[in-house]
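Everything below concerns the one structure shown next.
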Amino acid sequence: MGDEKVAAEIDKGPRFGVRHIQTLLLFLCITVAYLGRLNISVAIVAMTNAASTNPNFQEFDWTEKEKNYIISCFYWTYVVAQFPGGYLSRRFGAKILTGICLFGSAVCSLLTPFLVPWGGWQVFCAIRIMQGLFQAPIFPAIHQHIAKWSPADERNMLGALTYSGVDCGTVLAMLVSGLIASSTLGWPGISYISAGLGLSWCVLWFILAANDPPSSRFITKAECVYIEASMKRDDDFHKKKIPVPWLAMFTSVPFLALLVVRCAETWGFSTIQSQIPSYMNGVLHMNIKSNAFFSALPYIARWIMSYTYLYFGNMAVRKGWLTLTVMRKIANTMALWLPALIMIGVGFLDDRNKSLAIALMVMNVGFNGGATVGCVLSTIDLSPNHAGVVMGITNPVANVVPLITPLVVGVIVTDVQNRSEWQIVFIIAAVIFFVGNLIFVLFGSAETQPWDDPDFLRKDNVEETIKIDRPKSVFKEIFGADDKVLEHIEGWPVEKRGNEKSNEEENEAAKRY
């Protein structure tokens, strides 16, 4: 009875184990990173209009162009530097990379109140560029960490809980930053608190985090065995250096479908995030950005909806109603196609439908919360062993899109009060949402791909013919003699083929497995 109980515990895993602590740390990491990234939109208002928050602090006379440089320059390095992020997380481990990156981001926040009064907006841009450089590798490293720590059956839950930090950080940046700027701390307090949270997280991270279950100081043997067995890993798995199958990856249809849908999702969401408020201001005469609660409300809805998608998705997979692939496609369809319809509907509203416009905007962002359990976590599904590399490719490509959408809107919308021009913008976004998800539904997958195999590129995984200079034996073809006999007959050399292993090779293979 005792053995059965231990076996059941190993099969299920501890109720709250070290893997859950890793998930909590990753959630807080994303929350703190987004808080430091997005609080600039509130801070820059307080820095250029001190009377709106706390007039006791220095005010800066920056033009709109200079303010836009400050806000956007973060993404100049953030997009590019994600590409090596996946490689660096494999090379040095997610623990050290994530810790250094968030530490660097926190230091940038800490230096802002001291250096900006001295160097002006140019120094502020330099700080933001460095902050983008530090934060770039975080998401590839996080995906690598999730893949190492999440049992296959729990990957969806642990991954979605980790990613809910995006919505938490966004909501805090919009709601809390304004309160801090209006307090006795003033606008410098936004940077101080962001830096303090980041540095505090680093302490917890370096104490509690580990690159993989076997290297953790706090994990129980039962939990470690449960995680490693569920992923079918060998004892020396974490010591192996697995080469990246670049050609197989870039010719993989599910990978390409994932890349397309991530770009489509980012295009639509960036339109929702940045253009709908401008439309509501120009056509509906609603300055929603001036109200912190209305600005945060859509992301509160998205945060709640992400847990709703997670609960029902997990239940459907656990009870066997849906496969993981089907569940991801349904969630992603709701996250992209429903907002596509809502965007088209918003384009037909006028200033007599303000309440309906706010409701539709909240629903739009809320439904899009399903993209996390839809396409985002498919990065780990396709290749747990190369999750950081896959994320290091898909995420920066997708993050180029928000740099393009404002340019397209600028070409189409010449008069912000012209509703028909905005309708074209929303229809384009809706079509991209629809087509991108359709490709994911047809060609996407949540199945682990063959190129994820650690031995996929190993030479001994490919049969090769051993070439010899001596002539082939034709004795067997004429007389029916056995090659094993002919090997001992002088003058009758026999060619060994690559798929015929010697006894020593077979014994060595048996030892490995």
Review point. Is there a residue being more than 22 Å from V431 (Cα to Cα), buried (at least 21 other Cβ atoms within 10 Å of the Cβ) and of a type outside the set (A, V, I, L, M, F, W, C) anywhere in the stretch 313-331?
Key: yes
Revision key, fill the gap. Conditions (1) farther than 26 Å from A173 by Cβ; (2) under 23 Å from the mean Cα position of the chain (by Cα); (3) open to solvent by 70 Å² or more (accessible area, probe 1.4 Å) -> L341 fails only (2)
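Consider the stretch 76-91. How many of its residues are over 15 Å from A387 (Cα atoms) and surrounded by fewer than 17 Cβ atoms within 10 Å (Cβ to Cβ)? Steps first, please.
Of all residues in the stretch 76-91, those over 15 Å from A387 (Cα atoms) come to 76-81.
From the residues that got through so far, the ones that are surrounded by fewer than 17 Cβ atoms within 10 Å (Cβ to Cβ) too are 76, 80.
Of the residues in that region, 2 qualify.
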Practice item. Mind telling me which of the residues V176, V171, V123, V166 ends up being of a type outside the set (F, W, Y) and open to solvent by less than 20 Å² (accessible area, probe 1.4 Å)? Key: V171
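Inside the stretch 26-41, can you point out the residues that are among the β-branched types (V, I, T) and either open to solvent by 20 Å² or more (accessible area, probe 1.4 Å) or touching an Asp or Glu at 6+ places or on another chain (Cβ under 8 Å) (or both)? Walk me through it before giving the result.
Quick first cut of the stretch 26-41, residues among the β-branched types (V, I, T) only: 30-32, 40.
V32 - this is the single residue of the stretch 26-41 that is among the β-branched types (V, I, T) and either open to solvent by 20 Å² or more (accessible area, probe 1.4 Å) or touching an Asp or Glu at 6+ places or on another chain (Cβ under 8 Å) (or both).
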Review point. What are the residues in the stretch 282-292 that are open to solvent by 40 Å² or more (accessible area, probe 1.4 Å) and at pLDDT 70 or above, if any?
Key: H285
Review point. Identify, please: which residue in the stretch 240-272 is open to solvent by 20 Å² or more (accessible area, probe 1.4 Å) and assigned to a loop (DSSP other than H, G, I, E, B) and is, among those, farthest from F456 (Cα to Cα)?
Key: T251
Check your understanding: Under the condition of being closer than 19 Å to W118 by Cα and of a type in the set (D, E), which residue from the stretch 42-71 is surrounded by the most Cβ atoms within 10 Å (Cβ to Cβ)?
Key -> E66
Revision key, fill the gap. The condition from (1) crowded, with 21+ Cβ neighbours inside 10 Å; (2) touching a residue at least 60 places away in the same chain (Cβ under 8 Å) that K354 misses is numbered (1)
Practice item. May I ask you to say which residue of L336, L360, L310 is open to solvent by less than 10 Å² (accessible area, probe 1.4 Å), assigned to a helix (DSSP H, G or I) and either over 16 Å from R155 (Cβ atoms) or not hydroxyl-bearing (S, T, Y) (or both)? Key: L336
Study note, to complete from the structure: Scanning the stretch 73-99 residue by residue, those free of Cβ contacts under 8 Å to residues at least 12 places away in the same chain and either over 14 Å from D212 (Cβ atoms) or in contact with a helix residue (DSSP H, G or I) (Cβ under 6 Å, 6 or more places away or on another chain) (or both) turn out to be R91
Exercise for review: Starting from the stretch 205-231, take each residue that is among the aromatic types (F, W, Y) and list its partners that are not in a helix (DSSP H, G or I), counting only C-beta distances under 6 angstrom and pairs at least six apart or across chains.
Suggested key: Y226/G13
Check your understanding: Does at least one position in the stretch 434-457 carry a residue that is at pLDDT 50 or above and farther than 30 Å from I142 by Cβ?
Key -> no
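Filtering the stretch 388-421 down to residues that are closer than 19 Å to G93 by Cβ and touching a Pro at 6+ places or on another chain (Cβ under 8 Å), which residue is surrounded by the fewest Cβ atoms within 10 Å (Cβ to Cβ)? Can you show your working first?
Applying the first criterion (closer than 19 Å to G93 by Cβ) to the stretch 388-421 yields 388-392.
From what's left, touching a Pro at 6+ places or on another chain (Cβ under 8 Å): 388-389, 391-392.
Details: G388: 31, V389: 25, M391: 27, G392: 29.
Checking each candidate, the answer is V389.
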Point to revise | Residues of the stretch 426-441 satisfying the condition of being open to solvent by 10 Å² or more (accessible area, probe 1.4 Å) and closer than 14 Å to S252 by Cα | key: I439
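Could we say that L199 is open to solvent by 80 Å² or more (accessible area, probe 1.4 Å) and modelled with pLDDT of 90 or more here? Walk me through it before giving the result.
On the way: open to solvent by 80 Å² or more (accessible area, probe 1.4 Å): no; modelled with pLDDT of 90 or more: yes.
Considered against the rule, which asks whether it is open to solvent by 80 Å² or more (accessible area, probe 1.4 Å) and modelled with pLDDT of 90 or more, L199 comes out as no.
Can you tell me which residue among V408, V401, V431 is among the β-branched types (V, I, T) and in contact with a helix residue (DSSP H, G or I) (Cβ under 7 Å, 6 or more places away or on another chain)?
V401
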Point to revise | Checklist (1) under 30 Å from E228 (Cβ atoms); (2) buried (at least 19 other Cβ atoms within 10 Å of the Cβ) applied to D153, failing item | key: (2)
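The values are calculated or read from the model by the stated rules, or taken from the named source; none is laboratory data. Please read these numbers as outputs of a predicted model, since none were measured by experiment. Methodologically, a virtual Cβ is constructed for each residue, glycine included, from the backbone with ideal geometry; neighbour enumeration extends over all protein chains shown. These accessible areas exclude ligands, DNA and RNA; they are computed on the full protein's heavy atoms, side chains included. Shrake-Rupley method; radii C 1.70, N 1.55, O 1.52, S 1.80 Å.
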